[in-house]
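Peer 1: Handing you this structure, nothing more for now.
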Amino acid sequence: VGFKLILLRIMVKTVVLIGSGNSAHVVAGLVHENTKGAWQVVMLTRNPQLFTSKTVKVALQDGTSRTGLISKVTSKPAEAVPGADLVVWTGPVSSTKSVFEWIAPSVGANTVVSTIFGQGLSHILAARVFGSAVKFVALRNIPWLCRCTEKGVSSEIVGAKTSIEVASLNVNQQWITENMQPLFWTPKGPVLNLEPDFCSIVFNPANQIIHPAVYWGLFRSWNGVDPMKALPNDGWLYRGMDAVAGGVLQALDEELQAVKNAFFDKTNMQGCKSVLPIKTRILKQYTDQVKDASSMHGVVGTNVAYSMAKTPHVKVAGGVMPAPNHRVVQDDIGWGLCVLVSIGDRLKVPTTTMKWLIQWHQTFMKKDFIRDGKLVGKDCAELILLAENEPLELVGGLAGKAKL
């Protein structure tokens, strides 16, 4: 009996979930029942006091629920990461660099590192931090619309995607299907489909262009100094998006598509073929949830899936101001538009609208990214951009085939 128990413990695989937000709660709730105990969950978080219970519950979109087991909670990478089969960063894109550097000393050669949302050049970051032999998987989209209902206790999946694309370094489709896919699985999916390269993530027509357009559209009448008396649009982020903001989003998408097309012409990287115009992409993904498909602002502003999101803001004496540290700003300017501009500049593709919106956002962010239309500001050093001396092909991935 003792030998069998030891053997069972050896056979059980470990996933380390980094973070304590919505996605971390959902995955923690899914893993145990999804894998019938074949995987155990370790929570690595700077807020371990949130998880006082060893069980977490997640409500699914079909009315059922699952209960997950947490084997360990810690704030120290050295107590969580060594020997783990998989490590998943579940937090904001803009914090990925600091998190990777935090865990790097504890990541072994056989541990797969993953991000639940891989916007920007996350694969270049992974290779710089962990080395080119790193086993890395980035998800193009978060697997579900979800929310934490009680910290450390419960969460809810509002809607799961049926399939999502992933890209990898040194990890193949079989490993992803057999090991990662079950951890995120719900009655509706998602199936994880491996892309040929990282282009569909880097050029993803999603948050990195939606949020800059939406946020500028809401705060465009702000004078940059005095608080606004009330939140624009009754506090809704996407709902009721107007034609002006929709026009800006259209311009951003046109620039993104132009950069992607120029990159494809230079490299022939096939992942570019998965990058659809944003309106087409939203209608494909949310066909039955968009009430007005006749315009860009209608597709975003009447999308039921987007309808409950509130506008991030800071309350101050006399009213409200934009929220410079919220992920809607931090993720999608420094780790979205700045990345696209760096690639566009290498390809000599104009990104006028992107550069204007970086300039507008960086003022209240108190950042220095762009000067006179060039990404030469001192705060570019904190970003992961394509350096002038690096091969253009790095945007799509590192050389070599999957090895795992």
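The values are calculated or read from the model by the stated rules, or taken from the named source; none is laboratory data. The model shown is predicted, which means the values in this text are computed figures rather than measured ones. In this analysis, Cβ positions are derived from the backbone assuming ideal geometry, glycine residues included, and neighbour counts consider all displayed protein chains. Calculation scope for accessible area: heavy atoms of the full protein, side chains included, ligands and nucleic acids excluded. Shrake-Rupley method; radii C 1.70, N 1.55, O 1.52, S 1.80 Å.
Peer 1: Is it the case that L386 is at pLDDT below 95, within 20 Å of T96 (Cβ to Cβ), not in a loop (DSSP other than H, G, I, E, B) and not β-branched (V, I, T)? Spell out the reasoning first.
Peer 2: Numbers: at pLDDT below 95: yes; within 20 Å of T96 (Cβ to Cβ): yes; not in a loop (DSSP other than H, G, I, E, B): no; not β-branched (V, I, T): yes.
No; evaluated as a whole, the condition is false for this residue.
Peer 1: Does K72 satisfy the condition of being modelled with pLDDT of 95 or more, touching an Asp or Glu at 6+ places or on another chain (Cβ under 8 Å) and not in a strand (DSSP E or B)? Break it down into steps so the answer makes sense when it comes.
Peer 2: Details: modelled with pLDDT of 95 or more: yes; touching an Asp or Glu at 6+ places or on another chain (Cβ under 8 Å): yes; not in a strand (DSSP E or B): no.
It is false that K72 is modelled with pLDDT of 95 or more, touching an Asp or Glu at 6+ places or on another chain (Cβ under 8 Å) and not in a strand (DSSP E or B).
Peer 1: Within the range 111-130, does at least one residue satisfy the condition of being surrounded by fewer than 18 Cβ atoms within 10 Å (Cβ to Cβ) and in a loop (DSSP other than H, G, I, E, B)?
Peer 2: Looking through the range 111-130, none of the residues is surrounded by fewer than 18 Cβ atoms within 10 Å (Cβ to Cβ) and in a loop (DSSP other than H, G, I, E, B).
Peer 1: Would the range 155-174 turn up any residue that is part of a helix (DSSP H, G or I) and open to solvent by 10 Å² or more (accessible area, probe 1.4 Å)?
Peer 2: Yes: one or more hits.
Peer 1: Then there is this: Residues in the range 82-100 that are of a type in the set (S, T, N, Q) and crowded, with 19+ Cβ neighbours inside 10 Å: how many?
Peer 2: 3
Peer 1: On to the next question. Would you say S221 is of a type in the set (S, T, Y) and surrounded by fewer than 20 Cβ atoms within 10 Å (Cβ to Cβ)?
Peer 2: yes
Peer 1: Scan the range 311-333 and tell me whether some residue there is outside any loop (DSSP other than H, G, I, E, B), at pLDDT 95 or above, hydroxyl-bearing (S, T, Y) and on the phi < 0 side of the Ramachandran plot.
Peer 2: Within the range 311-333, none of the residues are outside any loop (DSSP other than H, G, I, E, B), at pLDDT 95 or above, hydroxyl-bearing (S, T, Y) and on the phi < 0 side of the Ramachandran plot.
Peer 1: Which condition does N233 not pass, out of (1) on the phi < 0 side of the Ramachandran plot; (2) touching a helix residue (DSSP H, G or I) at 6+ places or on another chain (Cβ under 7 Å), if it passes all the others?
Peer 2: (1)
Peer 1: Quick check, is M11 hydrophobic (A, V, I, L, M, F, W, C) and open to solvent by 10 Å² or more (accessible area, probe 1.4 Å)?
Peer 2: yes
Peer 1: Shifting gears a bit: Scanning for something under 15 Å from K151 (Cα atoms) and of a type in the set (V, I, T), does the range 38-45 turn up at least one residue?
Peer 2: Yes.
Peer 1: Open to solvent by less than 20 Å² (accessible area, probe 1.4 Å), in a strand (DSSP E or B) and modelled with pLDDT of 95 or more, is that true of L192?
Peer 2: Numbers: open to solvent by less than 20 Å² (accessible area, probe 1.4 Å): yes; in a strand (DSSP E or B): yes; modelled with pLDDT of 95 or more: yes.
Taking the combined requirement at face value, the residue satisfies it.
Peer 1: Suppose we filter the range 251-282 for residues that are open to solvent by less than 50 Å² (accessible area, probe 1.4 Å) and in a helix (DSSP H, G or I); how many remain?
Peer 2: 18
Peer 1: Would you confirm whether any residue within the range 68-86 is over 17 Å from M180 (Cβ atoms), basic (K, R) and in contact with a helix residue (DSSP H, G or I) (Cβ under 8 Å, 6 or more places away or on another chain)?
Peer 2: Within the range 68-86 (the criterion being over 17 Å from M180 (Cβ atoms), basic (K, R) and in contact with a helix residue (DSSP H, G or I) (Cβ under 8 Å, 6 or more places away or on another chain)), the answer is yes, since at least one residue qualifies.
Peer 1: Of the residues that sit in the range 312-331 and are under 16 Å from N233 (Cβ atoms) and in contact (Cβ under 8 Å) with a residue 24 or more places away in the chain, which one is most open to solvent (accessible area, probe 1.4 Å)?
Peer 2: H313
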